[in-house]
Amino acid sequence: MLKDKFLIKGLAGKKKLKGKIAVAGAKNAVLPALASSILFKDKFCISNAPEISDAKYMIELLENLGAETSKKLKKTLCIETKNINRSEINVDISNKLRASIILTGPLLARFGEVSFSHPGGCIIGKRPVNIFLDGYRKMGAKVTEKNGKYHIKIKAEKLEGAKIFLKKVSVTGTETLMLAGVLAKGKTILENSAMEPEIKHLAEFLNSCGAKIKGAGTPIIEITGGGLLSTKGKVYKTLPDRIETGSFLILGALSADNLEITNCIPEHIDSLIELLRQSGISINTQKNKIHIKRNAKVKNNVLNSIEVRTHEYPGFATDLQAPMCVFLTQTTGESKVHETIFEGRLNHTNDLIKMGADITMWNPHQVTVKGPTVLRGKELEGPDLRAGLAYVIAAIIAKGDSVVNNVHYIDRGYEKIEERLRDIGVDIKRVNQ
Ligand code: EPZ
């Protein structure tokens, strides 16, 4: 793997970024959409697909199963799954991304069995798979596990609809069981489902192709199973990435003179917009764009400290917690952060401390951030995808030069990020190590 790094010249707190930055298609929308191609008897095409490495790995996994993939126009991918001839998910590739587990639902429902190893992905906590396995058991499958490898096989002729209460609100758990339910016999009811917009959007597309899913976007989803779906030429359009939108907004709040974030759905980050406004930032939203200007309104240049508590959608996204911590280093007073979803997702604060932030970790879920503090450029190891981008933001506002290593994590979810940041005035260079 290429070990790229970013060299970034900090703005030393100056608000200089200007122009327009467009948000790409969402990683966490394109991955379940790719997995759903297994539910189709005809070609499934996806537009606005982000060019990111996680999407590439998911396509490799589908190809490894026997699917045929092609690229039509730029950013439009097509997958044909009629020749899938195996249901064993490749270990080496699935070690790279957690979302590989979404494939297990449609594979099991279509082919009656599936094997996979414990999926990899960002190291942000334990990330068990019990919700998936419990769901499959309820749907009439036998689960065997040996040395971290799972084999799931249905006992009857078809996977059977069931009432499943998800012990925790799980995004990929909801998506996977929803996709399995589409080809199951009878009705599947998912209680305590995740409500992320990507789930609702995918369900709507599947419904337009013959699926019968009710309630996606609410905590109770009801799926009436049937036969294979057919796009009849319809194309799934990837939603804009709300985490990228939010990260650009935080960057803008900290360092924009006059920035327009385009191709986005501001409504999907209402919880972030609310908190930034509470802190004193004025933000102008329109249907598909957000405008942020150097903040004349901020009294004496003081941003208020705030309390952040991550929560499932529509609450504050855990994926925005790391960039938000960077923002909090610039607020005045003491801000509190409670990361409620993952137990390893505040470790990035160690590097912010190295840069000069005043952060105290009370336990793996809670920190306080005292500010404002001047951040100084440093060499940083991106520990995961979202924290990696948070480091880029920290490096942009810092005094002096920074090196952000492990850019391959950032490439997992952000398309050519350095080129887009350069266009709005960031001094950032990618270097091959
Ligand atoms: C999805 O991960 C996202 N990934 C994550 O984005 C995101 O951080 C996370 O949801 C929370 O919003 C994709 O959509 C591909 P979960 P997922 O299952 O589905 C526990 C990023 O950077 N749990 O919703 O894997 C789990 O430990 C990534 O883009 C179980 O206990 O997360 C956690 O505490 C990282 N048993 C909670 O549920 C299970 O079987 C929520 O996790 C599954 C999960």
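A few notes on this one:
- Whole-percent carbon and sulfur share, accessible surface of the stretch 271-419, 1.4 Å: 47 percent
- Portion, in percent, of the accessible area of the stretch 15-119 that falls on carbon or sulfur, probe 1.4 Å: 47 percent
- The stretch 110-173-the stretch 319-381 distance, computed between alpha-carbon centres (Å): 35 Å
- With K and R counted +1 and D and E -1, the other residues having a Cβ less than 10 Å from that of P197 yield a net charge of -1.
- Projected label distance in nm at S47 and E191, using a 7 Å step from Cα toward the beta-carbon: 4.1 nm
- Binning all Cα-Cα separations of the chain at 20 Å, short to long from zero, yields these whole-percent fractions: 27, 55, 18, 0.
- Qualifying aspartates and glutamates (Cα of each under 19 Å from Cα of K378; at least 8 residues distant if same chain): D4, D351, D358, D401, E418, D427
- The chain: calculated mean residue ellipticity at 222 nm from DSSP helix runs of at least 4, using -39500 (n - 2.57): -8500 deg cm²/dmol
- Summary value for the stretch 22-82: 40 percent relative contact order, contacts being C-alpha pairs under 8 angstrom separated by 6+ residues.
- In degrees, nearest ten, helix 270-279 long axis to first principal axis of the chain (Cα): 10 degrees
- Hydrodynamic radius by Kirkwood, which averages 1/r over all alpha carbon pairs of the stretch 27-237, in angstrom: 16.7 Å
- Mean separation of Cα contacts under 8 Å, 6 or more apart, over the residue count of the chain: relative contact order %: 22 percent
- Annotation: amide H-H contacts under 5 Å for A22 (H modelled 1.01 Å from N, sequence separation of 5 or more, or interchain): T262.
- Note on A156 and K74: with the Förster distance fixed at 56 Å, the Cβ-Cβ geometry gives a FRET efficiency of about 0.80.
- Formal net charge of residues neighbouring G186 (Cβ-Cβ distance under 13 Å; K, R +1; D, E -1): +3
- 3J(HN,Hα) couplings calculated from phi for the stretch 415-425 with the Karplus curve 6.51 cos²θ - 1.76 cosθ + 1.60 (θ = phi - 60°) are, in sequence order, 6, 5, 4, 5, 5, 5, 6, 4, 4, 9, x Hz; Gly and Pro show x.
- Taking a point 7 Å out from the Cα of N83 in the direction of its Cβ, the residues of the stretch 39-66 whose backbone N falls within less than 11 Å of it are 66.
- For the residue pairs K5/K149; K200/K232; K27/K185, the C-alpha atoms sit more than 25 angstrom apart in K5/K149; K27/K185.
- In straight-distance terms, cross-link reach from K146 covers every one of the lysines whose alpha-carbon lies under 25 Å from its own, apart from those fewer than eight places away in the same chain; here that gives K96, K126, K138, K155, K158, K167, K168.
- Dipole magnitude for the stretch 27-237: computed about the Cα centre from +1 point charges on Lys and Arg Cβ and -1 point charges on Asp and Glu Cβ, it is near 200 debye.
- As a calculated quantity, the FRET efficiency between N304 and D257 at R0 = 22 Å, using C-beta atoms, amounts to about 0.50.
- In the chain, the longest principal axis of the Cα atoms and the axis of helix 197-208 are about 30 degrees apart.
- Length gained when the stretch E63-K232 is fully extended (0.36 nm per residue, less Cα-Cα span): 58.6 nm
- Amide proton proximity set for E379, modelled H, under 5 Å, gap of 5+: V403
- Computed from Cα atoms, the angle from the helix 242-255 axis to the main principal axis of the chain rounds to 0 degrees.
- Per residue, the stretch 27-237 exposes 41 Å² of accessible surface when a 1.4 Å probe is rolled over the protein heavy atoms with every protein chain present.
The values are calculated or read from the model by the stated rules, or taken from the named source; none is laboratory data. Fair warning: this is a prediction, and the values are worked out from it, not measured in the lab. As a convention, Cβ positions derive from the backbone with ideal geometry for all residues, glycine included, and neighbour counts pool all protein chains shown. Heavy atoms of the whole protein, side chains included, go into the accessibility calculation; ligands, DNA and RNA do not. Shrake-Rupley method; radii C 1.70, N 1.55, O 1.52, S 1.80 Å.
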